[in-house]
Amino acid sequence: MNFLFLSKRVAQIGFLIATLMLLCSILPAQSLTQTVRGTVVDRLVKSPITGAIVQVINLVPSKGTATDLDGNFKLEAVPVGRQSFKITFLGYKEVILSDVAVTSGKEVVLYIEMDENVVMNKEVVISADKKVPLNDMSTVSARTVSVEETQRYAAAVNDPARAALAYAGVASVMDGNNFISIRGNAPNGLLWRMEGVEVPNPNHFSSPGAAGGGISILSAQLLANSDFVTGAFASEYGNASSGVFDLRLRKGNNEQTEFTFQAGVLGMDVAAEGPLSRKHRGSYLVNYRYSTLGLLGKMGILGDGGVTTFQDLSYNIVLPTDKYGTFTFFGFGGLSSEVYKAKHDSTLWETDWDRYSSKFFANTGASGMTWSKSMSDHSYLKVAAVASSTAIGYKEIYTLNDYTTRETFFNSYAQNKFTVSAVLTNKVNTHHTFRSGVIASHQGYKLNGHYYDEVDQVTKNFTNANGTTQVLQAFTQWQYRPTEKLTLNSGFHSLYLALNNKISVEPRASVRYALTDRQSVSLGYGLHSQVLPLAAYFTKTNFADGTSITTNTDLDLLKAHHLVLSYDRSIAQDLRVKVEAYHQWLYNLPVGASASSTYSLSNEIWDGVRDSLVSEGKGRNYGLEVTFEKFFSKGSYFLWSGSLFNSNYKTLEGVWRNSRYNGKYLVTFTGGKEWTLSEKRKGRVIGCNVKFIYAGGYYDSPINLTQSQMEGSTVYDEVNAFTEKMPDYFRTDIRVSVKRNYAKWTSTVSLDIQNVSNRKNVFNKYYDADKNSVEWNYQAPLIPVLSYRIEF
């Protein structure tokens with residue numbers, strides 16, 4: 001997949017649409033209100049809390065109500081704007097929701113989880129703005145990612161992975177995609193979960209075994225607040241080595257039908273939600289998107305060179321019942337492709353890349369259901385099943401001097417998976433809570449790949465496999481809260497891969513102690529394992545006589561010890577500082593089978609494995625992270641994060657080397673301000689957001705120019721692998737938006753500009769045979785993303 005090509009196309013479309021779209025919405029002002037309603041439940045067992053008091057605390061006089069027998073509440077005629085809510089109930093910690101955006105276009109539907117006090121009648125306040133993880137058993141290196149952040153952060157473009165670039169220790173692998181490296185780890189160490197179940201990589205233009213792609217398949221319309229974890233995961237998280245994105249889905253409005261339409265550079269979105277019937281409390285929510293790139297490409301507006309297109313559909317249907325619990329049906333599907341044709345005119349060949357034609361596709365889909373029920377006032381059971389499928393392929397053809405062609409690369413990876421899980425949470429009392437579960441997956445695969453060897457001038461297979469396998473997981477964890485100040489979590493996770501009978505039993509433990517009401521320290525440890533990308537197990541080693549064997553089927557599970565020490569201090573109600581020190585020891589790392597090999601799977605981005613590997617490599621990542629954050633209040637926010645880290649690996653040669661993602665340092669600043677205009681125009685809100693990223697350059701291997709000239713393609717100096725540091729990376733993004741509330745609808749016009757200074761950040765180097773020299777690949781240029789959104 002040519003991500004640089006995609007970035008340039010997006011830039012072209014941005015400039016094109018920016019000249020066509022105008023904002024022309026000036027109507028008389030009027031007093032605007034909206035309905036705010038929702039549900040209040042116990043965080044652990046999800047049982048409704050009857051009689052909880054919900055108040056709008058910044059209104060004079062105050063407006064409030066109480067929840068009914070099902071934990072539901074409704075507040076009518078709440079003024080449009082930023083409103084704050086207080087939720088209280090005897091025996092539970094008070095919850096404050098600050099600066100909730102109330103608009104005229106859609107009702108505000110809140111889902112509020114409350115924690116029970118350890119000591120009765122003790123006043124404890126929990127602010128939902130503090131980014132406390134939704135999973136109460138995540139103690140360190142975890143935070144909530146809100147939907148509003150993905151919509152507000154500069155250049156996040158409603159993508160949770162891009163929004164995560166604002167957090168400490170999270171670095172972009174390349175501008176043209178949303179691959180992220182967490183604490184120096186490879187991007188494929190990230191686990192995606194949806195509604196508590198592992199799902200395939202939910203991104204367009206993805207690659208085999210990768211955890212990212214060109215753009216997220218999931219629309220922000222469908223997502224609720226979710227958890228993002230970067231180390232020492234809770235016991236329920238398995239099959240991940242670097243991070244977890246635990247996505248939750250939003251329920252559609254079950255009382256009235258609502259619509260959202262958005263048009264912009266990236267695509268045309270339409271979303272609908274509403275009640276399934278007037279007699280039922282169920283709801284539906286569905287979103288469809290088709291890429292602007294695809295539409296304009298088919299119209300011929302982009303000219304020659306290539307056509308990039310994608311489309312996706314996602315949905316969530318909720319069916320609550322009185323006696324049998326709640327059923328949900330959810331899913332997503334995405335189709336993405338890119339076709340590029342080389343010009344058959346040698347005078348137009350400026351670089352060797354101009355000789356290549358290519359066809360790429362990446363199709364992903366998942367469909368699932370859940371059943372959940374509060375078995376009693378103290379226990380909660382959730383069962384889920386998900387069927388998914390992915391098909392990824394790439395074909396590359398090289399044009400010779402006489403205009404004949406040669407296929408230089410081909411791969412086609414198809415996988416399907418069926419996963420079931422069951423998780424039981426049992427709150428014995430306010431001090432003791434247990435959560436246990438099982439996860440079983442059946443996976444089928446069909447993998448094919450070959451390439452043209454320039455030296456031997458023959459096509460060689462690097463993978464060819466067709467079959468099935470199973471992955472079984474089980475976990476249990478115990479939370480003990482002897483006092484309000486002390487919380488202990490302990491448990492284990494086990495994982496079994498039937499393909500080669502590999503098993504891992506992983507202890508997990510964490511402790512949090514509140515030094516005062518404003519500061520706490522936490523310590524977390526976990527052993528974590530991960531199944532390798534399936535293609536790695538079926539790599540073929542080719543011999544000079546034309547024969548080949550599959551050598552990697554016995555590779556072990558990748559394993560990593562995580563140790564995290566955290567300090568968290570609230571300086572003020574809306575201001576906090578957090579410091580985390582971590583150390584990760586990686587082992588069973590797949591590395592080259594030769595004693596002189598410098599290859600490690602931990603340095604991969606998206607290429608297929610072509611080496612014979614053994615699980616005898618090691619790795620280490622350690623560092624210090626500081627986060628200084630002002631939560632959104634009084635119309636402004638900021639998030640400053642700094643990281644100092646080191647990431648190394650060791651192969652059979654016994655030498656510690658820099659990993660590809662060892663940037664050494666990373667500093668980000670994300671901030672913004674909202675202005676509500678004068679009373680005459682109080683329905684209009686102007687937002688301005690900015691993001692700065694300064695990161696140490698990644699490491700690469702020097703190019704052996706003499707050998708490259710002899711072979712006519714890039715040949716790296718493997719003896720000195722990953723000793724050459726790329727130039728530092730710097731990027732500035734801005735976002736400007738104008739929101740206008742009308743009587744029955746809300747419109748938002750926004751402009752995101754990525755890399756506003758048009759800095760030429762280096763990605764890597766390559767040998768160009770036509771120029772007979774080493775050339776640079778640069779990352780994305782200035783890209784404007786203009787969009788118009790209407791909710792009604």
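The values are calculated or read from the model by the stated rules, or taken from the named source; none is laboratory data. The shown structure was predicted, so the numbers you read here are calculated from the model rather than taken from an experiment. Note: ideal-geometry Cβ built from the backbone for every residue, glycine included; neighbour counts use all protein chains shown. The accessibility values were calculated without ligands, DNA or RNA, using every heavy atom of the protein model including side chains. Shrake-Rupley method; radii C 1.70, N 1.55, O 1.52, S 1.80 Å.
When the stretch 378-390 is filtered for residues that are of a type in the set (G, A, S) and at pLDDT 95 or above, the ones remaining, listed by number, are A384, A385, A387, S388, S389. Taking the listed residues G231, G238, the one that is assigned to a loop (DSSP other than H, G, I, E, B) and under 18 Å from L534 (Cα atoms) is G238, with no other qualifying.
Being of a type outside the set (D, E, K, R) and in contact with a Gly (Cβ under 7 Å, 6 or more places away or on another chain) narrows it down to one of A232, A224, so name that one. Before the answer, list the steps.
Working: A224 fails: in contact with a Gly (Cβ under 7 Å, 6 or more places away or on another chain).
Testing whether each residue is of a type outside the set (D, E, K, R) and in contact with a Gly (Cβ under 7 Å, 6 or more places away or on another chain) leaves just A232.
Of all the criteria given as (1) within 20 Å of Q473 (Cα to Cα); (2) out of contact with any helix residue (DSSP H, G or I) (no Cβ under 7 Å at 6 or more places or on another chain), the one not satisfied by Q415 is (2). Applying the criterion of at least 1 residues that are farther than 30 Å from A163 by Cα and open to solvent by 20 Å² or more (accessible area, probe 1.4 Å) to the strands (runs of 3 or more DSSP E) found wholly in the stretch 664-777 leaves 762-768. For the stretch 227-265, a residue qualifies if it is surrounded by fewer than 24 Cβ atoms within 10 Å (Cβ to Cβ) and of a type in the set (S, T, N, Q), and the qualifying residues are N239, N253, N254, Q256, T257, T260, Q262. All of (1) open to solvent by less than 70 Å² (accessible area, probe 1.4 Å); (2) within 26 Å of the chain's Cα centre (by Cα); (3) within 21 Å of T748 (Cβ to Cβ) hold for Y284 with one exception: (3).
What residue, among those in the stretch 499-543 that are open to solvent by less than 30 Å² (accessible area, probe 1.4 Å) and over 27 Å from the mean Cα position of the chain (by Cα), is modelled with the lowest pLDDT?
Within the stretch 499-543, the subset open to solvent by less than 30 Å² (accessible area, probe 1.4 Å) is 500, 504, 506, 508, 510, 514, 520, 522, 524, 526-532, 534-539.
From what is left, the residues that are over 27 Å from the mean Cα position of the chain (by Cα) are 500, 514, 520, 538-539.
On the way: N500: 96, A514: 94, S520: 95, F538: 90, T539: 85.
In this case the residue turns out to be T539.
Could you list, in sequence order, the residues of the stretch 418-447 that are of a type in the set (S, T, N, Q) and more than 25 Å from R481 (Cα to Cα)?
Step one: filter the stretch 418-447 for residues of a type in the set (S, T, N, Q), giving 419, 421, 425-426, 429-430, 433, 436, 441, 443.
Once the filter is applied, which keeps residues that are of a type in the set (S, T, N, Q) and more than 25 Å from R481 (Cα to Cα), the stretch 418-447 yields T419, S421, S441, Q443.
With the structure loaded, tell me whether S641 is assigned to a strand (DSSP E or B), in contact with a Pro (Cβ under 8 Å, 6 or more places away or on another chain) and in contact (Cβ under 8 Å) with a residue 12 or more places away in the chain or whether it fails that test. Spelling it out, it is not the case that S641 is assigned to a strand (DSSP E or B), in contact with a Pro (Cβ under 8 Å, 6 or more places away or on another chain) and in contact (Cβ under 8 Å) with a residue 12 or more places away in the chain. Just one of the listed residues (K618, K634) is more than 17 Å from S242 (Cα to Cα), surrounded by fewer than 20 Cβ atoms within 10 Å (Cβ to Cβ) and not β-branched (V, I, T), namely K634. Scanning the stretch 187-198 for residues that are open to solvent by less than 10 Å² (accessible area, probe 1.4 Å) and assigned to a loop (DSSP other than H, G, I, E, B) yields nothing.
Scanning the stretch 579-611 for residues that are without any contact (Cβ under 8 Å) to a residue 60 or more places away in the chain, touching a Ser or Thr at 6+ places or on another chain (Cβ under 7 Å) and among the polar types (S, T, N, Q) returns N588, S600.
Could you please let me know if S597 is closer than 28 Å to F410 by Cα, among the polar types (S, T, N, Q) and surrounded by fewer than 23 Cβ atoms within 10 Å (Cβ to Cβ)? Criteria met by S597. Mind checking which residues of the stretch 377-397 are closer than 28 Å to D115 by Cα and free of Cβ contacts under 8 Å to residues at least 60 places away in the same chain? Within the stretch 377-397, L381, V383 meet the criteria.
Checked against (1) over 25 Å from the mean Cα position of the chain (by Cα); (2) open to solvent by 20 Å² or more (accessible area, probe 1.4 Å); (3) closer than 17 Å to E653 by Cβ, N588 meets all criteria but (3).
For the stretch 462-478, the set of residues classified as in contact (Cβ under 8 Å) with a residue 24 or more places away in the chain and open to solvent by 70 Å² or more (accessible area, probe 1.4 Å) consists of N464, T468, L472, W478, listed by residue number. Each residue in the stretch 39-87 was checked for being of a type outside the set (V, I, T), under 35 Å from the mean Cα position of the chain (by Cα), open to solvent by less than 50 Å² (accessible area, probe 1.4 Å) and more than 22 Å from T676 (Cα to Cα), and 9 pass.
So, A560, is that one open to solvent by 30 Å² or more (accessible area, probe 1.4 Å) and of a type in the set (A, V, I, L, M, F, W, C) or not? Don't jump to the end; show me each part of the working.
Numbers: open to solvent by 30 Å² or more (accessible area, probe 1.4 Å): no; of a type in the set (A, V, I, L, M, F, W, C): yes.
Taking the combined requirement at face value, the residue does not satisfy it.
Which one of these is under 27 Å from the mean Cα position of the chain (by Cα) and closer than 30 Å to A595 by Cα: M710, M726?
Answer to the check: M726.
Pairs linking a residue in the stretch 321-340 that is in contact (Cβ under 8 Å) with a residue 40 or more places away in the chain and over 30 Å from S357 (Cβ atoms) to a residue that is of a type in the set (D, E) and outside any strand (DSSP E or B), with Cβ atoms under 9 Å and 6 or more positions apart or on different chains, are T328/E195; F330/E195. Of all positions in the stretch 213-235, none carries a residue that is more than 24 Å from K618 (Cα to Cα), out of contact with any Leu (no Cβ under 7 Å at 6 or more places or on another chain) and of a type in the set (D, E, K, R).
Taken over the stretch 144-158, the criterion of being open to solvent by less than 20 Å² (accessible area, probe 1.4 Å) and not β-branched (V, I, T) is satisfied by S146, E149, Y153, A154, A155, A156.
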